[in-house]
Amino acid sequence: MTAQDTIRARARELLENGEVTTFIGWESGRFENQTTPLVITDASDADKLVCNEYCVNTLAKYARDVVTRGKVGMVVRGCDSRGIVRLINDQVINREDVYLIGVGCAGVRDRKTGELLKKCAECRHGDPVICDEMAGDAAGRPQPSERFKEVHEVELMTQPERSRYFEGVYAKCIRCYACRDVCPCCTCRECFVDQRRENWVGKQNNVAENRFYSLTRVMHIADRCIECGECERACPMGLPLMKLNRKVIKDLNDLFGEFESSMTLDEEPGKLITYDLVDCEEFM
Amino acid sequence: MILTKQNLMPLLRNLTGAERDVFVPTQVDGVSKFALMDKGTVPDFEQVNTTMPPKDLLFPQTQKMYHFDVDANGSYRIHEYDESREQLVFGIRPCDMRSIVCLDEVFLTKGFVDEFYANAREKLTCVCIGCASAAETCFCASMDVDPQLAPNADVMLQDCGDVYNVIAQTPKGEVEVAAWAPFVEEGVVEPVTCEQSLAVSMEGVVDKLEGMYDHPIWDNLSIKCLNCGTCTYLCPTCHCFDISQDMRRKDGVRFRCWDSCMFSEYTMMAGGHNPRPEKLERVRNRFMHKLNFFERRYGMSLCVGCGRCVEKCPVALDITRLIDDVAAIG
Ligand code: SF4
Ligand code: SF4
Ligand code: SF4
Ligand code: SF4
């Protein structure tokens, strides 16, 4: 039985037995090798579910929207499961709100080129970090050797080069907020960009406002980012957003010791929201 | 009249001058869009349509409207902006030309004339290049667009393989083509037929949608939507904007900028009421506007079948599947 068969069978059972109200997975899209997220409530739709090497979307964030309808069943790979841990640890959902069917992941491919997606080439945890049962075996993929390769490349630039580089990057942003909307850490009830009265960030599209938006978001998710790479994948303008996320993660590693967010339900509170007398204060 | 493809670049180089800006499809930092043609620009006429639509030539993402301040006597002064310039866009595609028909309806008809748009439109000359082949996501032929025709273009270049048929379609276009004399020659060639693999049937869809305001289809569709701005910002016909200001003590600039019906803040009222509070209402609004409301008001679809939203939606929420699903409802 393939993982996909198991997922279909279990989704059907869970929905039929009333153990879950909705089930989240993927279905095929219109084009060859295209998939799209699928949320079903009817057991007879379980056969629409697919699980293959083209399931590009990380599903975790949907749990936030769907838990209001009752208990949610969903398929989780490494990235999806860490997104779920994030939502639970941020108290957006409860552990008992979700029933997780784990599946090992060897990486997802671009439907047109067949190449491993960048986010998957950089992924450090293909197998779920939490789940209630597994469909098939863990993939046990070796970790990529260098986590901060792209950060080093930027650090090697001179300051003027770097500034030119990021001006170019932010000139491209159209402020569609797909990067925010896809992110499992971006769960504020009201995002600062939508607080019009306070006007933290102006609505005009220019390098200054675009950069302010992006950097504020980066700092706001800094110690929670699960490195799923969905923001960078979703960006229609191809901004290299993981360079920024990983720069902050690298700095946090250097300052507070190595860590990876959202690996366990009992992780330490975020580095940036806790205070410790031994915290370094290199600027004082 | 025909223009050989060898003569295309020499012609283009000849068109750029100080008195007007020439825009061509090209790659800028990895993003395909219409950009100002200068010496270093390499136009890309192979790509079917650009990722960024050409609408910002008429309706910039951010547009200054007026500047205001207070003079020494304490009275307000207002300085209006008109930053419109003579522009030529070369290589716009038939779907995008149709999108300009939609924008013209919105900004110039029914007794409402948007001066900023009107000024820019007046000064825009459009040279449309027909499509000999389509992208995987193109379905303009299903939306009443002919990939080799654009009646509202000033000049139409039909792709005939090695040459283009050159057709001046407006007085502006005739003046334009008259200046191309050294580059064009007499003749007419049969245009290549553009095959589109993606097709939908709009048969009955507009009328069916009329009764579908409360149909479960909207929940099924919206549940996976992120409510980001990708589809609306990349859509050549989406035209919603917000007006805001940049204030510093006693002076400031009022500007307008693109807004998106997908954003929760878009319909937020003073006092906190939001008539479209959830994804369902927003997604329904977007598709109803595209496929029904606009049709009712202006007699045409607000979707021109360019396929940009189909290509770029981060969750592959596909308008062509919605059209098929609506068509299939008994
Ligand atoms: S997804 Fe990309 S274009 Fe959209 S707001 Fe984020 S960085 Fe900007
Ligand atoms: S910031 Fe990007 S990589 Fe980090 S959790 Fe959010 S979507 Fe994933
Ligand atoms: S349909 Fe797609 S592109 Fe449009 S708002 Fe929803 S997720 Fe974003
Ligand atoms: S709705 Fe999509 S396919 Fe239709 S015109 Fe807009 S971007 Fe193009």
Subject >> Residue check for A:Val56: touching a strand residue (DSSP E or B) at 6+ places or on another chain (Cβ under 9 Å), within 11 Å of chain B (Cβ to nearest Cβ) and touching a residue at least 40 places away in the same chain (Cβ under 8 Å) >> reply: yes
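Given the condition within 16 Å of ligand 2 (Cβ to nearest atom) and in contact with a Lys or Arg (Cβ under 8 Å, 6 or more places away or on another chain), answer yes or no: does some residue in region B:254-263 qualify? Full working, then the answer.
Kept after step one, since they are within 16 Å of ligand 2 (Cβ to nearest atom), are these residues of region B:254-263: none.
No, that holds for no residue.
Residues checked against (1) in a helix (DSSP H, G or I); (2) touching a residue at least 12 places away in the same chain (Cβ under 8 Å); (3) exposed (fewer than 15 other Cβ atoms within 10 Å of the Cβ); (4) assigned by TED's automatic domain parsing to the domain that holds A:Ile93:
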position	(1), (2), (3), (4)
A:Arg189	no, no, yes, no
A:Tyr213	yes, yes, no, no
A:Asp223	no, yes, no, no
A:Ile226	no, yes, no, no
A:Arg233	yes, yes, no, no
A:Pro236	no, yes, no, no
A:Arg246	yes, yes, no, no
A:Ser261	no, yes, no, no
Subject >> Selection from region B:66-90 of residues that are in contact with a helix residue (DSSP H, G or I) (Cβ under 9 Å, 6 or more places away or on another chain) and either at pLDDT 95 or above or over 24 Å from B:Asp242 (Cα atoms) (or both) >> reply: B:Gln87, B:Leu88, B:Val89, B:Phe90
Original post:
What tally of residues in region B:41-99 results from selecting those that are part of a loop (DSSP other than H, G, I, E, B) and of a type in the set (Lys, Arg)?
Top reply: 2
**OP:** Within region B:153-204, track down each residue that is out of contact with any strand residue (DSSP E or B) (no Cβ under 9 Å at 6 or more places or on another chain) and among the hydrophobic types (A, V, I, L, M, F, W, C).
**Re:** B:Ala179, B:Ala181, B:Leu198, B:Ala199, B:Val200, B:Met202
**OP:** Go through the residues of region A:95-117 one by one and say whether even a single one is farther than 27 Å from A:Leu241 by Cα and of a type in the set (Asp, Glu).
**Re:** yes
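Answer yes or no: is there a residue in region A:170-180 that is within 9 Å of chain B (Cβ to nearest Cβ), in a loop (DSSP other than H, G, I, E, B), surrounded by 14 or more Cβ atoms within 10 Å (Cβ to Cβ) and not hydrophobic (A, V, I, L, M, F, W, C). Don't jump to the end; show me each part of the working.
Looking only at region A:170-180, we keep the residues that are within 9 Å of chain B (Cβ to nearest Cβ), and these are A:171-172, A:174-180.
Going one step further and asking which of them are in a loop (DSSP other than H, G, I, E, B), we end up with A:174-177.
After this cut, where a residue has to be surrounded by 14 or more Cβ atoms within 10 Å (Cβ to Cβ) as well, the list is A:174-177.
After this cut, where a residue has to be not hydrophobic (A, V, I, L, M, F, W, C) as well, the list is A:175, A:177.
Checked against the condition, which is being within 9 Å of chain B (Cβ to nearest Cβ), in a loop (DSSP other than H, G, I, E, B), surrounded by 14 or more Cβ atoms within 10 Å (Cβ to Cβ) and not hydrophobic (A, V, I, L, M, F, W, C), region A:170-180 yields at least one hit.
Across region A:191-207, what is the total count of residues that are under 25 Å from A:Ile249 (Cβ atoms) and not in a loop (DSSP other than H, G, I, E, B)? Spell out how you get there, then give the answer.
Of region A:191-207, the ones under 25 Å from A:Ile249 (Cβ atoms) are A:191-193, A:200-201, A:207.
Cutting the leftovers down to not in a loop (DSSP other than H, G, I, E, B) gives us A:192-193, A:207.
Residues flagged as under 25 Å from A:Ile249 (Cβ atoms) and not in a loop (DSSP other than H, G, I, E, B) within region A:191-207 amount to 3.
Examine region B:322-329 for a residue that is surrounded by 20 or more Cβ atoms within 10 Å (Cβ to Cβ) and either within 25 Å of B:Gln63 (Cα to Cα) or within 18 Å of the chain's Cα centre (by Cα) (or both), and state whether such a residue exists.
no
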Original post:
When you go through (1) of a type in the set (A, V, I, L, M, F, W, C); (2) more than 14 Å from chain B (Cβ to nearest Cβ); (3) buried (at least 22 other Cβ atoms within 10 Å of the Cβ) one by one for A:Leu255, which number turns out not to apply?
Top reply: (3)
Original post:
What tally of residues in region B:170-202 results from selecting those that are surrounded by 15 or more Cβ atoms within 10 Å (Cβ to Cβ), under 26 Å from A:Glu32 (Cα atoms) and touching a helix residue (DSSP H, G or I) at 6+ places or on another chain (Cβ under 7 Å)?
Top reply: 4
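Name the residues in region B:220-241 that are more than 7 Å from chain A (Cβ to nearest Cβ) and among the aromatic types (Phe, Trp, Tyr), would you? Even if it seems obvious, please write down each step before you answer.
So the first thing to find is which residues in region B:220-241 are more than 7 Å from chain A (Cβ to nearest Cβ), and the list is B:220-222, B:225, B:231-232, B:235-241.
Within region B:220-241, just B:Phe241 meets the criteria.
Out of the helices (runs of 4 or more DSSP H) lying entirely within region B:236-330, which hold 1 or more residues that are away from ligand 3 (no atom under 13 Å from the Cβ)? Explain how you work it out, then say what you get.
Details: elements: B:279-288, B:294-298, B:308-312, B:319-328.
Hits in region B:236-330: B:279-288, B:294-298, B:319-328.
Might you check whether a residue that is under 18 Å from A:Arg246 (Cα atoms) and surrounded by 14 or more Cβ atoms within 10 Å (Cβ to Cβ) occurs anywhere in region A:135-147?
We begin by selecting, within region A:135-147, every residue under 18 Å from A:Arg246 (Cα atoms); these are A:143-147.
Of the ones still in play, those that are also surrounded by 14 or more Cβ atoms within 10 Å (Cβ to Cβ) are A:147.
The answer is yes; a qualifying residue exists.
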Original post:
Quick one: would you say B:Asn152 is within 30 Å of B:Phe255 (Cα to Cα) and away from chain A (no Cβ under 14 Å)?
Top reply: yes
Subject >> Residues satisfying the stated conditions in region B:297-330, i.e. hydroxyl-bearing (Ser, Thr, Tyr), more than 9 Å from chain A (Cβ to nearest Cβ) and within 14 Å of ligand 4 (Cβ to nearest atom) >> reply: B:Ser301
Original post:
A:Glu122 fails exactly one of the following numbered conditions: (1) within 16 Å of ligand 2 (Cβ to nearest atom); (2) within 21 Å of A:Lys247 (Cα to Cα); (3) within 11 Å of chain B (Cβ to nearest Cβ). What is the number of that condition?
Top reply: (3)
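Can you tell me which residue among B:Phe116, B:Phe107, B:Phe112 is closer than 23 Å to B:Phe255 by Cβ and in a loop (DSSP other than H, G, I, E, B)? I'd like the intermediate steps shown before the answer.
On the way: B:Phe116 fails: in a loop (DSSP other than H, G, I, E, B); B:Phe107 fails: in a loop (DSSP other than H, G, I, E, B).
The conditions single out B:Phe112.
The values are calculated or read from the model by the stated rules, or taken from the named source; none is laboratory data. Just so it is clear, the model here is predicted, and its values are computed rather than measured. Positions of Cβ are backbone-derived with ideal geometry, glycine not excepted, and every protein chain shown enters the neighbour counts.
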